[in-house]
Amino acid sequence: MGSYETKKVNTGSFNSFYCEGGVGNSETIIFLHGSGPGANSESNWSRVLNKLSETFHVIAPDMIGFGKTDLPEDTKITFWEWTTARVRQILEIMDYNNIEKAHLVGNSMGGVVSLNALMYDESRFDKVVLMGSGGGAPNSGPTPEIVRMTQFFRDPTIQAFRNLITWFMYDESVVGDQLEEIVKMRYENIMQPETRELYPTLFATLPHELTIPPSALRRIKQQVLLIHGYEDRFVPHSSSLSVLEHIPNAELVLLKQCGHWVQIEKYDRFIQLVNQFFSQASEVQLTK
């Protein structure tokens, strides 16, 4: 089993916290977390990073607005401005580590950031995995689970938070005794004064703002693998179906009895899919 370390560095415009492992491996994968309550790089990716650092150079940042990465002076910015800032943060981390080109794995909001990164500078990115990703055209209003998440601070109790965390999964028994650890870590994070103040602004967006224009999707040249839990109640799998319709070189894997956290609920299958997808990229590059 590999391992990772955490660091906080000034990359120019950002004081970014990130996890890094597998330094020296030829292929770099950047993992982008979602925007769920208390989300950060370690809570999303720790187990995945330990495994995949055996084969790949892995980096997972706390995206600006989350975790231990410093907040900007002005936090009264639009959703699109937040997204662009996160794309720039990724590029600065790549430059800081002399990474010319990387693969992306984006979960939920991290998938939206990944797609925006391709629009911002497609030359810096190779293959892309979108897991439980937003970006597709909505076919209905927000689910009751989404409403409870965005309005969490109307009843910010540990009991309400535990319920919310379990709803991200189809069956929370898959995490066993780790559930309370996940709840405790994320709850402590979200109850920090600066996080509590910022939280409502992170969701002050309309559904159509999350949607990537089909005109942009059909211009994506990268190979894209979409992975989605069939029972996802936070980003319904219709989002991935919508994205799949427009990206020319894409495939979709739908997993039954799985909610929003594929990397936790279907860990072995997720590792298998990611390993296979990115290892194929390495073989293609070697034969060119």
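The values are calculated or read from the model by the stated rules, or taken from the named source; none is laboratory data. Small disclaimer: the values here were computed from a predicted structure and weren't measured. Cβ atoms come from the backbone with ideal geometry, glycine included; neighbour counts cover every protein chain shown.
Annotations
- For residue 281, the conditions (1) under 25 Å from residue 119 (Cβ atoms); (2) at pLDDT 95 or above; (3) surrounded by 15 or more Cβ atoms within 10 Å (Cβ to Cβ); (4) in contact with a His (Cβ under 8 Å, 6 or more places away or on another chain) are fulfilled apart from (2).
- Of the candidates 38, 22, 65, the single residue that is on the phi > 0 side of the Ramachandran plot and modelled with pLDDT of 95 or more is 22.
- One residue alone among 99, 77 is over 25 Å from residue 175 (Cα atoms) and touching a Ser or Thr at 6+ places or on another chain (Cβ under 8 Å), and that residue is 99.
- Test for residue 251: is it surrounded by fewer than 22 Cβ atoms within 10 Å (Cβ to Cβ) and either farther than 17 Å from residue 214 by Cα or not hydroxyl-bearing (Ser, Thr, Tyr) (or both): yes
- Members of the range 245-260 found to be farther than 24 Å from residue 144 by Cα, part of a strand (DSSP E or B) and among the hydrophobic types (A, V, I, L, M, F, W, C), listed by number: 250, 252, 253
Results for (1) at pLDDT below 90; (2) acidic (Asp, Glu); (3) under 19 Å from the mean Cα position of the chain (by Cα), shown as yes or no for each residue.
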{"position": "158", "(1), (2), (3)": "no, no, no"}
{"position": "163", "(1), (2), (3)": "no, no, no"}
{"position": "166", "(1), (2), (3)": "no, no, yes"}
{"position": "170", "(1), (2), (3)": "no, no, yes"}
{"position": "179", "(1), (2), (3)": "no, no, no"}
{"position": "193", "(1), (2), (3)": "yes, no, no"}
{"position": "196", "(1), (2), (3)": "yes, no, no"}
{"position": "203", "(1), (2), (3)": "yes, no, yes"}
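- Residue count, the range 226-244 (criterion: in contact with a Cys (Cβ under 8 Å, 6 or more places away or on another chain), part of a loop (DSSP other than H, G, I, E, B) and buried (at least 24 other Cβ atoms within 10 Å of the Cβ)): 1
- Just one of the listed residues (28, 55, 75, 11) is buried (at least 18 other Cβ atoms within 10 Å of the Cβ), over 18 Å from residue 129 (Cβ atoms) and of a type in the set (Val, Ile, Thr), and it is 11.
- Any hit, the range 53-62, residues being in contact with a Cys (Cβ under 6 Å, 6 or more places away or on another chain), under 25 Å from residue 168 (Cβ atoms) and part of a strand (DSSP E or B): yes
- Wholly enclosed helices (runs of 4 or more DSSP H) of the range 100-219 bearing at least 1 residues free of Cβ contacts under 8 Å to residues at least 12 places away in the same chain and surrounded by fewer than 20 Cβ atoms within 10 Å (Cβ to Cβ): 144-150, 158-167, 178-190, 193-202, 214-217
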